[in-house]
Amino acid sequence: MDAFTISVLSNIGLFSFLAISAWVLLICGEISFGQQAYFAIGAYAGGIATAVWQWPFALGVGFGVVLGAVIGGLVAWPTTRLSGMHYAIATLAFAEFVRSCLNVFSYQREVDGYLTGPDGANGFRDIRWAYEAGVEPLGYLGIIAAGLAAVIGLIACMARGRGMAQLRIVGEDPILAGMQGLNVNRIRIAAATLAGGIAALGGALYAHLATYVEPAQFGVMIGVHSLAYGLIGGLGTVFGPILGVLVDIGLLESLRVFSSYRMIVFGGLVALVLILRPRGILDEKTVRRIQAWLRR
Amino acid sequence: MAAAVEIQGLSCRFGGVKALDAVDIRLSPGEVLGLIGPNGSGKTSLFNLLTGHHNPEAGAILLDGLDLAGQSPSQIARFGIARTFQNLRLLRRLSVYENVRAARHACAPLRDAFWLSPAARRQERDSLMNLLDIFGLSEKAQKTPAELTLVQMRHLEIARLLAADPKLVLLDEPAAGMTSAETQAITEVIATHVLPGRSAIVIEHKMQLVAALCPRIAVLNAGRKIADGPTGQVLADSAVRQSYFGAKPC
């Protein structure tokens with residue numbers, strides 16, 4: 001596989017974490033423009049753990065995931081009263097708050113004679129675990145794929161259990177959900193915790209692939225894209241947001257014919273899909289039809 | 001297991017409108033009460049208070065001696081109160097099967113959120129499909145509610161209510177929009193499958209259904225209870241006829 005293809009596939013994988021993160025909240029009825037905050041938290045926490053504290057990679061990534069999930073839950077706690085546009089604005093405000101904090105966050109320690117760690121707006125260099133461990137880009141693509149498979153596996157388990165059904169019931173009618181005995185606030189906090197953890201996993205993996213992260217990378221447009229992926233791909237299955245990423249990065253960004261017009265085509269595509277299929281390409285009805293066809 | 005219900009001095013206000021004014025109702029375990037009254041008399045508001053959707057201004061709601069006033073809807077549902085809605089409230093993007101299954105998630109342990117064993121899934125599926133079968137909906141299990149007729153949607157709401165196995169059922173105009181024959185059919189379904197072993201309050205404008213299901217009725221008018229007693233006796237009451245039917249006293 002050539003370097004370009006590996007790079008494109010790695011990007012698709014990494015953005016899929018963000019897209020799934022926003023999708024989890026979407027099916028729970030919450031519109032979040034702020035999942036890039038958890039991506040950034042995962043990137044910085046994972047990077048600090050491996051580059052500054054010299055933790056093993058898996059432990060460093062795990063630290064990023066746990067921190068993202070915990071902060072996701074803590075942010076969700078006071079925002080359970082909000083819904084719709086108010087919730088969306090709150091998530092956007094939090095994401096910008098995180099980015100502003102990272103702009104002034106400096107935590108550098110001497111490692112092997114060099115100062116290592118985040119340095120405010122100058123970014124965070126030398127997150128070199130992959131290079132030091134001799135992991136080739138193809139091998140790292142395998143790590144990303146394994147992480148993505150774990151997330152899809154977790155969602156699949158929740159779909160076989162009660163978790164996904166509970167999220168969908170709360171997303172569709174929170175008042176009815178309450179009258180069915182579901183603790184709506186607790187489910188919303190759980191969804192935000194899960195979404196925070198998934199985005200942070202993507203962020204931690206991203207930091208170790210890029211070796212350099214800076215606050216400017218985690219701007220509003222990343223959050224808008226992550227939300228749009230689910231809306232394009234569809235809310236009926238976890239593969240919906242991944243399809244959205246494939247359309248954007250796999251098609252629009254990677255094919256040269258589209259590259260100059262990516263944002264125009266992407267914006268138009270979002271509008272078109274929302275008009276024709278308000279719940280995305282793989283919406284609930286389509287997914288049910290596919291499942292019925294597979295059962296035959 | 002049917003529950004004893006005691007509603008004491010229940011009052012509720014929406015801005016300047018007093019929706020309920022010191023309403024007292026007592027229900028013995030297994031008793032079925034018809035609740036009638038003109039539109040805007042406070043019938044659905046009473047259900048909204050009983051299910052925790054609104055909080056009372058004053059008064060108490062005791063279910064087997066336990067005060068429910070001020071509890072959250074989810075806690076109240078777990079205590080064993082389930083309801084249907086005058087304006088159908090179904091999960092329109094979920095399948096018929098998932099709509100009924102919605103009533104089974106409440107008391108499940110946390111681990112069930114992440115995994116249900118094949119045996120547990122099969123057991124739940126069998127039990128819910130049997131329930132759908134009672135209402136003639138098993139063939140439609142994978143359809144969405146939008147693909148059902150109005151009567152089937154009403155049946156689906158009742159099936160969901162039964163899936164929760166409640167102690168007290170609150171039926172809000174279960175025959176709304178139905179023909180006389182359909183009303184007769186749903187009356188039989190409710191009498192056979194919903195009421196046995198449960199306490200119930202039934203709001204309905206169709207006296208055909210009320211007379212068949214409810215040995216006792218209470219009448220609300222402008223938020224106040226104006227009558228409560230055996231069905232025949234209350235319906236013959238001149239004040240009730242005046243407020244509800246608009247008939248002039250003889």
Residue tally, condition within 9 Å of chain A (Cβ to nearest Cβ) and in contact (Cβ under 8 Å) with a residue 24 or more places away in the chain, over the stretch B:49-78: 6
Pick out the one residue from B:T187, B:T192 that is in a helix (DSSP H, G or I), under 24 Å from B:F79 (Cα atoms) and among the polar types (S, T, N, Q). B:T192
How many residues, within the stretch B:94-142, are facing another protein chain (nearest Cβ under 7 Å), charged (D, E, K, R) and under 23 Å from the mean Cα position of the chain (by Cα)? 2
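Can you name every residue in the stretch B:146-159 that is away from chain A (no Cβ under 11 Å) and of a type outside the set (S, T, Y)?
B:L148, B:L150, B:V151, B:Q152, B:M153, B:R154, B:H155, B:L156, B:I158, B:A159
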Can you confirm whether A:G240 is in contact with a Gly (Cβ under 8 Å, 6 or more places away or on another chain), within 26 Å of A:R277 (Cα to Cα) and surrounded by 23 or more Cβ atoms within 10 Å (Cβ to Cβ)? yes
Is it the case that the stretch A:239-259 has a residue that's within 20 Å of the chain's Cα centre (by Cα) and within 14 Å of chain B (Cβ to nearest Cβ)? yes
Of (1) away from chain B (no Cβ under 13 Å); (2) closer than 30 Å to A:G62 by Cβ; (3) among the charged types (D, E, K, R), A:R186 satisfies all except one. Which? (1)
Is it true that B:L62 is buried (at least 18 other Cβ atoms within 10 Å of the Cβ) and either at pLDDT below 95 or among the aliphatic types (A, V, I, L, M) (or both)? no
B:P166 meets each of (1) farther than 20 Å from A:Q180 by Cα; (2) in a loop (DSSP other than H, G, I, E, B); (3) within 20 Å of the chain's Cα centre (by Cα) with one exception, condition (1)
Filter the stretch B:223-243 down to residues that are crowded, with 19+ Cβ neighbours inside 10 Å and in a strand (DSSP E or B), then give me how many there are. 2
Going through A:A195, A:A204 one at a time, which residue ends up being crowded, with 24+ Cβ neighbours inside 10 Å and under 16 Å from A:M164 (Cα atoms)? A:A195
In the stretch A:151-172, anything at the interface with another protein chain (Cβ under 7 Å from one of its Cβ atoms) and buried (at least 20 other Cβ atoms within 10 Å of the Cβ) is listed as A:M158, A:G161, A:R162, A:G163, A:A165, A:Q166, A:R168, A:I169
Working carefully through the options B:A200, B:A141, B:A159, find the one that is of a type in the set (A, V, I, L, M), within 30 Å of A:E284 (Cα to Cα), in contact (Cβ under 8 Å) with a residue 24 or more places away in the chain and buried (at least 21 other Cβ atoms within 10 Å of the Cβ). B:A159
Residues being farther than 20 Å from A:F33 by Cα, among the hydrophobic types (A, V, I, L, M, F, W, C) and not in a loop (DSSP other than H, G, I, E, B): count how many of those fall in the stretch A:86-141. 9
Answer yes or no: is there a residue in the stretch B:91-109 that is surrounded by 19 or more Cβ atoms within 10 Å (Cβ to Cβ), more than 25 Å from B:A3 (Cα to Cα) and of a type in the set (D, E, K, R). yes
So which residues in the stretch B:33-45 are out of contact with any helix residue (DSSP H, G or I) (no Cβ under 6 Å at 6 or more places or on another chain), surrounded by 18 or more Cβ atoms within 10 Å (Cβ to Cβ) and either at pLDDT below 95 or not aliphatic (A, V, I, L, M) (or both)? B:I36, B:S41, B:G42, B:K43, B:T44, B:S45
Kindly check whether there is at least one residue in the stretch A:226-234 that is closer than 30 Å to A:A3 by Cβ, in contact with a His (Cβ under 9 Å, 6 or more places away or on another chain) and either free of Cβ contacts under 8 Å to residues at least 12 places away in the same chain or away from chain B (no Cβ under 12 Å) (or both). no
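The values are calculated or read from the model by the stated rules, or taken from the named source; none is laboratory data. As the structure is a prediction and not an experimental result, all values here were calculated from the model. Reconstructed Cβ throughout: ideal geometry from the backbone, glycine too, with neighbour counts over all protein chains shown.
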